[in-house]
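Here's the structure we're looking at; comments come further down.
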Amino acid sequence: MKVFDTIKHSTLVDIYRCYELWTLMQQLEHVPGEAIEVGVWKGGTGGLIASMLKRFPMPRKIYLCDTFQGVVKAGDKDTLYRGGEHADTSKEAVMELMSTLGVTQNVEILPGIFPEESAHQVEHNLFSFCHIDVDTYLSAKDVFEWVSPRLSVHGLVVFDDYGTWGCEGVTELVQEIAQDPNYFLFQNLNGHAVLIKLKSATTIGDGFQTSSLSR
Ligand SMILES: C[S@@+](CC[C@H](N)C(=O)[O-])C[C@H]1O[C@@H](n2cnc3c(N)ncnc32)[C@H](O)[C@@H]1O
């Protein structure tokens, strides 16, 4: 609650989903890899995750990725977003929150459209956790396809927008991914979709192959 009180004015995510992020992170100590969030806005959920990472005996990082110019890649599958929403933030504002939380050592900010403009900085990293909070179908798909081969077995992907009115594109994407036998899906009534990676080789959509990169 102390961490939540510090971040609650810098997040659009409610306490139930924040609590789930917190408790999921807590259980990832023995799954190798760092954390990544795409869709940071003012840094609330990123700061929450970083605060849990700081408690791990071995230091771990979260990469916070945002355009800082709002939502991108809105298309036909998206019912509400048109592009440019949530631009009322900055890298500096996020760093100030991280400083208040005392987690600057655990955080690296990657500005730009992910993955096209920023993912090259972490392309050889291994991840245990990915929080996708980007609001549109294509952004969420591109993030998932990028992170999937870089995710440890038993690593988690959380889609914030799965059950959010106005983010039906993300709901559709998760339903497509649910067909992938390499993942186990929880459809949580708080709005989250939580995916657990079961195996290494991943195939989604029309023939997306990642086995060569799988760990
Ligand atoms: C709903 S907000 C994130 C909310 C945040 N997680 C919180 O704690 O409230 C969505 C964010 O996703 C970002 N975004 C959307 N698509 C993106 C992409 N492909 N790459 C980087 N940032 C993206 C937007 O700039 C926006 O700040």
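The values are calculated or read from the model by the stated rules, or taken from the named source; none is laboratory data. Note that this is a predicted model, so its numbers are computed, not measured. Positions of Cβ are generated from backbone atoms using ideal geometry, with glycine treated the same way; all protein chains shown enter the neighbour counts. Side chains included, ligands, DNA and RNA excluded: accessible areas come from the protein's heavy atoms. Shrake-Rupley method; radii C 1.70, N 1.55, O 1.52, S 1.80 Å.
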(request) Would you tally the residues in region 1-17 being near the ligand (Cβ under 8 Å from one of its atoms), among the aliphatic types (A, V, I, L, M) and not in a loop (DSSP other than H, G, I, E, B)? (result) 1
(message) I'd like to know if region 18-40 contains one or more residues that are open to solvent by 60 Å² or more (accessible area, probe 1.4 Å), within 24 Å of S118 (Cα to Cα) and away from the ligand (no atom under 15 Å from the Cβ).
(response) yes
(request) Could you pull out the residue among G191, G207 that is within 15 Å of the chain's Cα centre (by Cα) and either modelled with pLDDT under 95 or surrounded by 16 or more Cβ atoms within 10 Å (Cβ to Cβ) (or both)? (result) G191
(request) Report those strands (runs of 3 or more DSSP E) wholly inside region 56-174 carrying at least 1 residues which are touching a helix residue (DSSP H, G or I) at 6+ places or on another chain (Cβ under 7 Å) and either farther than 28 Å from T6 by Cβ or within 8 Å of the ligand (Cβ to nearest atom) (or both). (result) 127-132
(request) Taking the options L101, L138, L126, name whichever one is of a type outside the set (D, E, K, R), surrounded by fewer than 24 Cβ atoms within 10 Å (Cβ to Cβ) and under 20 Å from Q69 (Cβ atoms). (result) L138
(request) For residues that are open to solvent by 20 Å² or more (accessible area, probe 1.4 Å), more than 25 Å from E29 (Cβ to Cβ) and part of a loop (DSSP other than H, G, I, E, B), tally how many sit in region 179-188. (result) 2
(request) Test each condition in (1) within 16 Å of D66 (Cα to Cα); (2) open to solvent by 10 Å² or more (accessible area, probe 1.4 Å) for E176 and report the one that comes out false. (result) (1)
(message) Take T45 and tell me if it is part of a helix (DSSP H, G or I), within 14 Å of the ligand (Cβ to nearest atom) and of a type in the set (S, T, N, Q).
(response) yes
